[in-house]
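Colleague: Would you mind keeping the following structure in view while I ask a few things?
The values are calculated or read from the model by the stated rules, or taken from the named source; none is laboratory data. Bear in mind the structure is a predicted one, so any value in this text is a computation, not a measurement. Cβ atoms come from the backbone with ideal geometry, glycine included; neighbour counts cover every protein chain shown.
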Ligand code: UN1
């Protein structure tokens, strides 16, 4: 059965647009708000703890499956995702409005993640460690943490969840996954593929609940001891609440939060390359990546020319129907559109607004040249390039999660680094320069977990550590081998075959 037919049986292709009471949620296509993509019933606060209990039972058996065999299941998932790449990408585009080319890239990211971790099933190395004493051997083993609760956002509805699911399952854990409601259909499709690849149903559990029920349920499960690791991707505000809750139960979650990612344009930058990078980083995906460009920090000497070229590039960019070749489509969902409207309200008299003919929603009375889509009902917004941003502006200091980027200027590299670090996030940062020393100094001074030179702030690769510092997270890292420390714990083994009691620190001969 193809993903599309699985989805049709789960979802129904043309469900009429209506919202029923009783905890039912309809996820809608943001390009028209009429097409209902998924219909799910949201559980109450009891759903998450119940799923963690079931997961706890299933995990014991899953942990007995040899890691190389679990690796083969992950390999099977990668193959299934690849075979269904187009239908999964079409679903992502339909459900959250991500341009189809980007949706294909997102699905490829799952395949890359599976490719990486299938081999890890044959590694998951421990160590042999020399002892202080003779006839004694020390070892270390990676052991699964147990049950992981994974709570994900919907802007990357399948790739980012796979960064948790794939390594967690490979390491022998069970997972309870709570995706964003507005991306419920894509989540269901990925879970279906994982089950078909051989992940037992109790080992990967999918639950739907709103924020309040999730939070209450998580508290119950943490108190009951049925959850051993929490992975959360979302806003810094909610991440801080999740972190506090986990801390109360002596747990350290994996938190991947927001960003206010700076891009520095140095006086020696190749300006056209920098314009291209800024356009993709800032307005691609409608600015709705945690790694999206937030603040452009441009050297005084090139400011006017850079802004002129970027403004021209933005005005000729194609925005509209995400099934076509566009820079960006609609915003993810109504609540993101409402938030973006609030951000637009922060534009002040001291700002110069560039990038489009109007500010706000693209409508028939506020049209945009070259736009193709449904202006009456789609969540489409004009791009905004805000010149004259000041470090004390709300827009300078806070994540906007929409198609808006501000420009400030600098004179010395130290000043640029200080401006880049000022908002207190630390996810991703980029610099455009042709001078290696400038690039290196920037890397040393900037507080971001991920740094790019002459490239976008977004577009992480599946085998590099992904994660941030400050308001962007708690220092945890996903992807590559680094994520193994999130989903395993080190166990040591101290084995004495001397036939007598040897005491560490006390029976060591000093020479
Ligand atoms: C996110 O927005 O939550 O590096 C993650 C990137 C993507 C992942 C973004 N591959 O932009």
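Colleague: Considering 344, 331, which residue is outside the structural domain of residue 161 (by the TED database) and within 16 Å of the ligand (Cβ to nearest atom)? Full working, then the answer.
Modeller: Working: 344 fails: within 16 Å of the ligand (Cβ to nearest atom).
Exactly one of 344, 331 is outside the structural domain of residue 161 (by the TED database) and within 16 Å of the ligand (Cβ to nearest atom), namely 331.
Colleague: Among 245, 218, 204, which is within 25 Å of residue 95 (Cα to Cα) and in the same structural domain as residue 57 (by the TED database)? Show your work before the answer.
Modeller: Details: 245 fails: within 25 Å of residue 95 (Cα to Cα); 218 fails: within 25 Å of residue 95 (Cα to Cα).
None of the other options fit; the residue is 204.
Colleague: Residue 484: modelled with pLDDT of 95 or more, assigned to a helix (DSSP H, G or I) and under 25 Å from residue 141 (Cβ atoms), yes or no? Write out each step before concluding.
Modeller: Details: modelled with pLDDT of 95 or more: yes; assigned to a helix (DSSP H, G or I): yes; under 25 Å from residue 141 (Cβ atoms): yes.
Yes, satisfied.
Colleague: Being within 16 Å of the ligand (Cβ to nearest atom) and part of a helix (DSSP H, G or I), is that true of even one residue in the stretch 287-299? Steps first, answer last, please.
Modeller: Taking the stretch 287-299 first, the residues within 16 Å of the ligand (Cβ to nearest atom) are 287-294.
Applying the additional criterion that residues be part of a helix (DSSP H, G or I) yields 287.
Yes, the stretch 287-299 has at least one match.
Colleague: Among (1) closer than 14 Å to residue 428 by Cβ; (2) assigned to a helix (DSSP H, G or I), there is one condition residue 283 misses while meeting the rest; what is its number?
Modeller: So residue 283 meets the others, but not (1).
Quick grid of which residues meet (1) under 16 Å from the mean Cα position of the chain (by Cα); (2) in a helix (DSSP H, G or I); (3) away from the ligand (no atom under 16 Å from the Cβ):
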| position | (1), (2), (3) |
| --- | --- |
| 87 | no, yes, yes |
| 103 | yes, yes, no |
| 110 | yes, yes, no |
| 116 | no, yes, no |
| 119 | no, yes, yes |
| 123 | no, no, yes |
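Colleague: I would also like to ask the following. Just to be sure before I move on: is residue 476 in a loop (DSSP other than H, G, I, E, B), closer than 15 Å to residue 239 by Cβ and in contact (Cβ under 8 Å) with a residue 60 or more places away in the chain in the structure I sent?
Modeller: On the way: in a loop (DSSP other than H, G, I, E, B): yes; closer than 15 Å to residue 239 by Cβ: yes; in contact (Cβ under 8 Å) with a residue 60 or more places away in the chain: yes.
Yes; evaluated as a whole, the condition is true for this residue.
Colleague: Please go through (1) in contact with a strand residue (DSSP E or B) (Cβ under 8 Å, 6 or more places away or on another chain); (2) surrounded by fewer than 20 Cβ atoms within 10 Å (Cβ to Cβ); (3) assigned to a loop (DSSP other than H, G, I, E, B) for residue 137 and return the number of the only condition it doesn't satisfy.
Modeller: Evaluating residue 137 over (1) in contact with a strand residue (DSSP E or B) (Cβ under 8 Å, 6 or more places away or on another chain); (2) surrounded by fewer than 20 Cβ atoms within 10 Å (Cβ to Cβ); (3) assigned to a loop (DSSP other than H, G, I, E, B) leaves (3) as the failure.
Colleague: Of the residues 166, 129, which single one is within 16 Å of the ligand (Cβ to nearest atom) and either at pLDDT 95 or above or surrounded by 18 or more Cβ atoms within 10 Å (Cβ to Cβ) (or both)? Working first, answer last.
Modeller: On the way: 129 fails: within 16 Å of the ligand (Cβ to nearest atom).
Sole residue among the options that is within 16 Å of the ligand (Cβ to nearest atom) and either at pLDDT 95 or above or surrounded by 18 or more Cβ atoms within 10 Å (Cβ to Cβ) (or both): 166.
Colleague: Can you confirm whether the stretch 242-258 contains a residue that is over 29 Å from residue 486 (Cβ atoms) and under 23 Å from the mean Cα position of the chain (by Cα)? Break it down stepwise before answering.
Modeller: Initial filter on the stretch 242-258 (over 29 Å from residue 486 (Cβ atoms)): none.
No, every residue in the stretch 242-258 fails to be over 29 Å from residue 486 (Cβ atoms) and under 23 Å from the mean Cα position of the chain (by Cα).
Colleague: Considering every residue within the stretch 146-156, establish whether at least one is surrounded by fewer than 24 Cβ atoms within 10 Å (Cβ to Cβ), more than 16 Å from the ligand (Cβ to nearest atom) and more than 16 Å from the chain's Cα centre (by Cα).
Modeller: Taking every residue of the stretch 146-156 in turn, at least one turns out to be surrounded by fewer than 24 Cβ atoms within 10 Å (Cβ to Cβ), more than 16 Å from the ligand (Cβ to nearest atom) and more than 16 Å from the chain's Cα centre (by Cα).
Colleague: Of (1) surrounded by 20 or more Cβ atoms within 10 Å (Cβ to Cβ); (2) closer than 19 Å to residue 164 by Cα, residue 461 satisfies all except one. Which?
Modeller: (1)
Colleague: Under the condition of being closer than 21 Å to residue 35 by Cα and surrounded by 23 or more Cβ atoms within 10 Å (Cβ to Cβ), which residue from the stretch 174-187 is farthest from the chain's Cα centre (by Cα)? Give the derivation first.
Modeller: Taking the stretch 174-187 as the starting set, the residues that turn out to be closer than 21 Å to residue 35 by Cα are 179-187.
Imposing the further condition that a residue be surrounded by 23 or more Cβ atoms within 10 Å (Cβ to Cβ) reduces the set to 179-180, 182-187.
Details: 179: 12, 180: 12, 182: 15, 183: 13, 184: 16, 185: 18, 186: 15, 187: 14 Å.
In this case the residue turns out to be 185.
Colleague: Please give the number of the condition residue 458 fails out of (1) within 16 Å of the ligand (Cβ to nearest atom); (2) in a strand (DSSP E or B); (3) in contact (Cβ under 8 Å) with a residue 60 or more places away in the chain.
Modeller: Failing condition for residue 458: (2).
Colleague: Tell me the strands (runs of 3 or more DSSP E) entirely within the stretch 200-273 that contain at least 1 residues that are crowded, with 21+ Cβ neighbours inside 10 Å and free of Cβ contacts under 8 Å to residues at least 40 places away in the same chain. Give the steps one after another, and end with the answer.
Modeller: Details: elements: 204-206, 229-233, 254-256, 261-265.
In the stretch 200-273, 204-206 are the strands (runs of 3 or more DSSP E) which contain 1 or more residues that are crowded, with 21+ Cβ neighbours inside 10 Å and free of Cβ contacts under 8 Å to residues at least 40 places away in the same chain.
Colleague: Another question, then. Quick check, is residue 452 under 22 Å from residue 262 (Cβ atoms), modelled with pLDDT of 95 or more, assigned to a strand (DSSP E or B) and within 12 Å of the ligand (Cβ to nearest atom)?
Modeller: yes
Colleague: Next question. Tell me the residue from 475, 480 that is away from the ligand (no atom under 16 Å from the Cβ) and on the phi > 0 side of the Ramachandran plot, please.
Modeller: Residue meeting the stated conditions: 475.
Colleague: Taking residue 167 as the residue in question, decide whether it is outside any helix (DSSP H, G or I), touching a residue at least 40 places away in the same chain (Cβ under 8 Å) and assigned by the TED database to the domain that holds residue 248.
Modeller: For residue 167, the condition - outside any helix (DSSP H, G or I), touching a residue at least 40 places away in the same chain (Cβ under 8 Å) and assigned by the TED database to the domain that holds residue 248 - is not met.
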